[in-house]
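Where a number appears in this text, it was derived from the coordinates with a stated rule and is not lab data. Please read these numbers as outputs of a predicted model, since none were measured by experiment. Positions of Cβ are generated from backbone atoms using ideal geometry, with glycine treated the same way; all protein chains shown enter the neighbour counts.
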Amino acid sequence: MGHVFALAMQKGGVGKTTTALSLGAALALRGRRVLLIDIDPQANLTQGVGIDPTTLEYSVYEVLLNPERGLDFATCATNAGPALVPASLELAGAELELAGRVGRELLLRKALRTARATYDYILIDPPPSLGLFSLNALASADRVLVPLQLHAYALRAMPQLETTIALVQEINPGLEIGGILCTMADRRTNISQEVEREVRERYGTLVFETTIPINVKLAEAPTHGQPINRYAPSSAGAQAYAALADELEGHYGQ
Ligand SMILES: Nc1ncnc2c1ncn2[C@@H]1O[C@H](COP(=O)(O)OP(=O)(O)OP(=O)(O)O)[C@@H](O)[C@H]1O
Ligand SMILES: [Mg+2]
């Protein structure tokens, strides 16, 4: 059975999508069967693997409307390595369309049931806001991956996330934090190092040993529709995500 991870952090721009794509591609390079699910109307992950979200026949939108159909019909192969359930721009309207539906937080979970056997890792990339899409992501996951951007107030975002996880545990009791990932580390500044030390003191073994540095190649790669391990394989960003993939394999690889 595959492991299902949801990236989560209600703050925007912390590296959720970058991590889903870079980690997913690194795991695929190791021969793992990886599925990425883009459940964010911004469709950044979809664009990051070079797929145009305006031209799709099927996307996660249709999956949410017809969860009994599973995921396969909406899954595309990508040049990045992992398979992808893309987001389309229509997704923005789904929140309203589904507002009155009973069990609307569990639609993705229902659709995922059979896919679990097909993949080793399923990584779900939600938007920053805690709406229907994030709830579907968290309700489907076994574990939450938490990117924590190393700036002065990084730790302030954690209580809100912990509250959210406790809330979702009412419908998904097994949900737990799978790991906290320090991202956008700037080795030249003291603040970045101080915050990392604080995060490690507070959360101990929950924090991945790997820290992701600020690396401009990571910001460039999605505009070329490529994951970092194709776009700039020897970059510091690619090496860091490769190390993260090894760490994850150490915990979860069979
Ligand atoms: N380690 C890094 N070094 C440099 N730039 C990065 C790094 N990680 C992410 N970025 C850039 O920072 C921006 C935000 O990252 P990303 O889109 O992954 O965040 P996000 O949490 O998914 O955002 P949102 O909440 O809007 O979905 C992007 O432009 C991305 O390319
Ligand atoms: Mg994102």
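Quick one: which of 137-143, 203-209 comes out on top by average Cβ neighbours within 10 Å, and what's the full order, highest first?
137-143, 203-209
How much length would be gained if the chain were fully extended between residue 11 and residue 230, taking 0.36 nm per residue of separation minus their Cα-Cα distance, in nm to one decimal?
76.0 nm
With an 8 Å Cα cut-off and a minimum separation of 6 or more residues, compute the relative contact order for region 3-252 in percent.
Averaging sequence separation for qualifying contacts and normalising by length gives 26 percent for region 3-252.
Using a Cα-Cα cut-off of under 28 Å, which lysines could be cross-linked to residue 110, ignoring same-chain neighbours fewer than 8 residues away?
List returned: 11, 16.
Can you give me the distance in nm between label points at residue 57 and residue 217, each placed 7 Å from the Cα along the Cα-to-Cβ direction?
Result for the modelled spin labels: 3.7 nm.
If you rank 68, 162 by fewest surrounding Cβ atoms within 10 Å, what's the result?
Sorted ascending by nearby Cβ count, the order is 68, 162.
For a quick check, take a GNM of the chain with Cα springs below 10 Å and name the residue from 35, 155, 23 with the largest mean-square fluctuation.
For the chain, modelled as a Gaussian network with Cα springs under 10 Å, the answer is 155.
Rounding to the nearest 10 and keeping the result within 0 to 90°, find how far the Cα-based axis of helix 16-29 lies from the longest principal axis of the chain.
Between the helix axis and the principal axis of the chain, the angle is about 90 degrees.
Over the chain, with a Gaussian network built from C-alpha contacts below 10 Å, which listed residue (166, 111, 20) shows the highest mean-square fluctuation?
Largest GNM mean-square fluctuation: 166.
For region 3-252, give the magnitude of the charge dipole about the Cα centre (Cβ charges: +1 Lys/Arg, -1 Asp/Glu; no others), in debye to the nearest 20.
260
Listing 3, 224 from the residue with the fewest other Cβ atoms within 10 Å to the one with the most, what is the order?
224, 3
Please give the FRET efficiency for residue 166 paired with residue 202, using the beta carbon to beta carbon distance and R0 = 25 Å, rounded to the nearest 0.05.
The computed FRET efficiency comes out at 0.90.
With both partners inside region 3-252, how many of the DSSP beta bridges are antiparallel, as a percent to the nearest 5?
Expressed as a percentage, antiparallel bridges in region 3-252 total about 5.
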